Amino acid sequence: MNRIERIAVNWVLFIIVSLAVLAVPLYMIFRAETVLSKGNLYLFKVEPRDPYDPFRGRYLDIRVQQNYVENCKKDFSPGEVCYAVIAKDAKGFAYFSELSTQPPAAGDYIRVKFRWKNKNKSLIELPFGRYFVNEKIAPEADKLLAGFFTDPKDCCVLKVKVKDGQALVSGLNLNGIPIEEVVKRKMTRDSR
Amino acid sequence: MASKKSFINWLLGELPDLERNGIIDEENCEKLHAYYSRQIPAGINYQRLMLIIFGALSAVLVMGGVLLLVAHNWQDIPFRIRLSLAFVPLVASLTFGWYTKLDDRNQAWQEASAVLIGGSFAVVVAMVSQIYHTGGMIYEYMFTCLLFTFPLLYIFKGQAYLLLFLIGLTIYNYASLRIDSVAYSWMFLAFVLPYAVYYILKELNSIKMQFICNILIVFIIINFFGFFRDCHAGMFKAGWAVLLPAILFAGKRFEKRGLVLWKNSFLVAGFLGVAAFMTLGSIESFWSGGVSFTSNLSETGLIVFSSLLYLWMLFQMFRLKESSLVIPLILPLAAVAGILFDSEVLVRYLFVLLMVIYGILLIVKSCSRHNMPLLNLGMFLIAVQIIIQFFDSDVPILIRAAGFIVTGIAFLVTNIILSRKFKHVERTGEVLK
């Protein structure tokens with residue numbers, strides 16, 4: 001390859017990379033907007049904590065209470081991609097009813113990774129584990145959540161929109177009120 | 001290099017005097033001046049080097065600052081505006097990159113462009129995943145960043161970006177343990193290796209090559225576990241028994257190609273690694289646990305990788321023709337035999353024997369080359385082995401004490417005698433017996 005050819009290849013590569021690095025975040029936005037606008041809403045019971053991501057800042061680490069499938073008939077290896085079928089219990093909360101290697105023909109599902117099996121529970125890694133919050137309200141949110149579960153009636157719910165195997169968090173509610181609103185109310189109360 | 005350069009400078013300074021005193025005529029003076037001016041070796045351009053380093057460093061700092069701004073999580077700003085703002089650093093970096101390429105700017109610009117584009121892509125992905133609460137685990141985030149930015153290595157040929165990419169790959173390797181397939185780690189390694197190898201061979205003996213070698217050695221050693229994460233401990237030990245001698249062999253190859261010792265990080269790391277592994281191997285408990293093979297991707301990969309590396313070492317043995325390299329070549333066989341036969345005692349004594357023979361071979365080689373550092377390395381290996389055996393066996397404390405004293409004195413006396421002999425040989429040109 002002569003010098004001119006090398007320069008041409010280098011330019012083509014640069015153009016491809018320039019387009020790719022612009023396309024990836026745009027695609028992420030498009031996919032997220034599609035799920036948010038057209039997806040079905042599910043409510044998961046969660047237990048949040050407040051750690052820190054060095055790249056993306058403060059977030060609440062959300063652990064979905066039922067991050068497993070009970071009595072799953074199939075065996076998977078750790079890290080294997082599978083599809084968790086979503087169902088709703090009598091109170092309207094979402095849970096995972098089945099794991100399969102192929103997307104189910106009907107009903108909503110989420111593309112997940114299998115982690116390991118613990119007795120009759122097949123644990124899965126969900127694509128929503130984080131809820132990013134403002135650095136200012138994060139410590140308050142953390143304090144709030146630390147004392148939140150003392151009353152058994154308290155309920156922390158994650159709102160998740162689901163469409164074609166993709167899941168997107170649309171909010172985190174404490175006893176039916178968005179966490180941002182609860183924290184703001186508490187901060188206003190404390191400042192008085 | 002430095003002495004040749006200073007000698008030529010001295011000679012060029014003398015020429016006018018020689019001409020003035022009639023020793024050489026004007027024509028010869030000009031010819032000599034022209035000839036020796038061309039002979040001045042191209043030294044390191046420190047100004048240019050500083051420019052490259054600070055160019056890359058400024059880019060890293062700018063991107064670090066933008067990342068921290070993102071990490072602040074600006075929820076007070078409406079999310080559409082936040083989304084638009086997320087693209088500002090990326091578009092600005094791409095424009096900077098286009099300008100660098102169009103104008104064919106120097107290395108500092110190339111370094112800065114690669115770091116800025118790679119960094120701003122990481123920022124925009126972080127910001128989008130923050131706004132939509134997506135992106136999940138840190139390994140998934142690193143996966144996206146690494147996958148779409150590796151061509152920047154080849155486009156801008158930047159070393160700062162290579163360093164950032166390897167750091168990113170290390171984070172990915174360890175963040176994805178037990179979650180993601182090891183095949184992805186290998187895929188990223190395959191992306192970056194051709195670039196690193198190309199530069200090592202192209203820039204041999206330059207400061208660039210030294211930089212790449214240093215970061216590559218640290219990367220290989222830190223990430224060896226990450227690349228073969230699902231291996232049984234016994235297999236992992238066997239893997240190290242191949243990798244460390246291979247690093248030493250690579251260092252020997254560079255030495256043959258004229259790379260000086262202080263720049264040859266492969267040789268230094270290889271020797272220290274082999275010495276450390278032989279020391280550990282001569283402790284019985286190191287070999288407990290045996291081995292089991294589950295034929296998963298990591299273990300199969302380790303076997304293929306180690307076999308290829310060993311074949312390469314065999315090939316290099318014929319090219320290098322150095323008797324002392326026989327020991328590092330036998331080392332993997334001894335480790336594999338010990339692990340396969342599950343005999344801790346056998347493999348331990350095999351390692352003791354190998355380390356002592358290696359020490360003796362280095363001492364013999366040092367005598368023929370009149371090389372004091374080599375002599376001390378050989379003696380160091382034997383001394384380490386004596387100390388290990390004293391601690392690892394039930395020898396009474398008085399005998400241990402005497403043993404240490406004798407070893408210390410022997411070390412000192414041999415150094416004095418041989419250094420005198422080497423000096424004598426250098427002065428007289430005699431052959432050392």
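The values are calculated or read from the model by the stated rules, or taken from the named source; none is laboratory data. Just so you know, these numbers come straight off a predicted model, no measurement behind them. Positions of Cβ are backbone-derived with ideal geometry, glycine not excepted, and every protein chain shown enters the neighbour counts.
Look at B:CYS213 and say whether it is more than 17 Å from the chain's Cα centre (by Cα) and modelled with pLDDT under 90.
Here the answer is no, as B:CYS213 does not meet what is asked.
Restricting to segment B:333-375, give me the number of residues that are more than 30 Å from B:PHE422 (Cα to Cα) and in contact with a Ser or Thr (Cβ under 7 Å, 6 or more places away or on another chain).
Counting residues in segment B:333-375 that are more than 30 Å from B:PHE422 (Cα to Cα) and in contact with a Ser or Thr (Cβ under 7 Å, 6 or more places away or on another chain) gives 3.
All but one of (1) surrounded by fewer than 19 Cβ atoms within 10 Å (Cβ to Cβ); (2) free of Cβ contacts under 8 Å to residues at least 40 places away in the same chain; (3) within 12 Å of chain A (Cβ to nearest Cβ) hold for B:VAL125; which doesn't?
Failed condition: (1).
Report, by residue number, each residue of segment A:1-10 that is part of a helix (DSSP H, G or I) and more than 7 Å from chain B (Cβ to nearest Cβ).
A:ARG3, A:ILE4, A:GLU5, A:ARG6, A:ILE7, A:ALA8, A:VAL9
With the condition kept exactly as written, say whether any residue in segment B:306-326 is crowded, with 20+ Cβ neighbours inside 10 Å and more than 25 Å from B:PHE254 (Cβ to Cβ).
No, segment B:306-326 contains no residue that is crowded, with 20+ Cβ neighbours inside 10 Å and more than 25 Å from B:PHE254 (Cβ to Cβ).
With the structure loaded, tell me whether B:PHE148 is of a type in the set (Phe, Trp, Tyr), within 11 Å of another protein chain (Cβ to nearest Cβ), closer than 24 Å to A:ILE7 by Cβ and over 23 Å from the mean Cα position of the chain (by Cα) or whether it fails that test.
Judged against the criteria, B:PHE148 is a match.
Which one is farthest from the other protein chains (Cβ to nearest Cβ), of the residues in segment B:166-201 that are not basic (Lys, Arg) and not in a helix (DSSP H, G or I)?
Ranking the candidates gives B:LEU177 first.
Which residue out of B:LEU204, B:LEU259 is assigned by TED's automatic domain parsing to the domain that holds B:ILE327, outside any helix (DSSP H, G or I) and modelled with pLDDT under 85?
Going through B:LEU204, B:LEU259 in turn, the sole match is B:LEU259.
Output the number of the condition that A:SER77 fails; it satisfies all remaining conditions of (1) assigned to a loop (DSSP other than H, G, I, E, B); (2) at pLDDT 90 or above.
Condition (2) is where A:SER77 drops out.
Can you go through B:GLU14, B:GLU26, B:GLU111, B:GLU19 and tell me which one is more than 34 Å from the chain's Cα centre (by Cα), modelled with pLDDT of 70 or more and surrounded by 15 or more Cβ atoms within 10 Å (Cβ to Cβ)?
B:GLU19
Go through B:ILE77, B:ILE117, B:ILE131, B:ILE138 for me and flag whichever is within 12 Å of chain A (Cβ to nearest Cβ), at pLDDT 85 or above and either surrounded by fewer than 19 Cβ atoms within 10 Å (Cβ to Cβ) or in contact with a helix residue (DSSP H, G or I) (Cβ under 7 Å, 6 or more places away or on another chain) (or both).
B:ILE117
For A:VAL35, indicate whether it is more than 7 Å from chain B (Cβ to nearest Cβ) and surrounded by 14 or more Cβ atoms within 10 Å (Cβ to Cβ).
For A:VAL35, the condition - more than 7 Å from chain B (Cβ to nearest Cβ) and surrounded by 14 or more Cβ atoms within 10 Å (Cβ to Cβ) - is met.
Let's see how each residue does on (1) more than 15 Å from the chain's Cα centre (by Cα); (2) farther than 19 Å from B:THR149 by Cβ; (3) of a type in the set (Asp, Glu):
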residue	(1), (2), (3)
B:LEU166	no, no, no
B:ILE171	yes, no, no
B:TYR174	yes, yes, no
B:LEU177	yes, yes, no
B:SER181	yes, yes, no
B:TYR184	yes, no, no
B:MET187	yes, no, no
B:ALA190	yes, no, no
B:VAL197	no, yes, no
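Go through the residues of segment B:154-165 one by one and say whether even a single one is more than 8 Å from chain A (Cβ to nearest Cβ), modelled with pLDDT of 90 or more, under 22 Å from B:ILE217 (Cα atoms) and buried (at least 19 other Cβ atoms within 10 Å of the Cβ).
yes
Select the strands (runs of 3 or more DSSP E) contained entirely in segment A:90-164, then report the ones holding at least 1 residues which are touching a Cys at 6+ places or on another chain (Cβ under 8 Å), within 14 Å of chain B (Cβ to nearest Cβ) and surrounded by 15 or more Cβ atoms within 10 Å (Cβ to Cβ).
A:109-118, A:121-125
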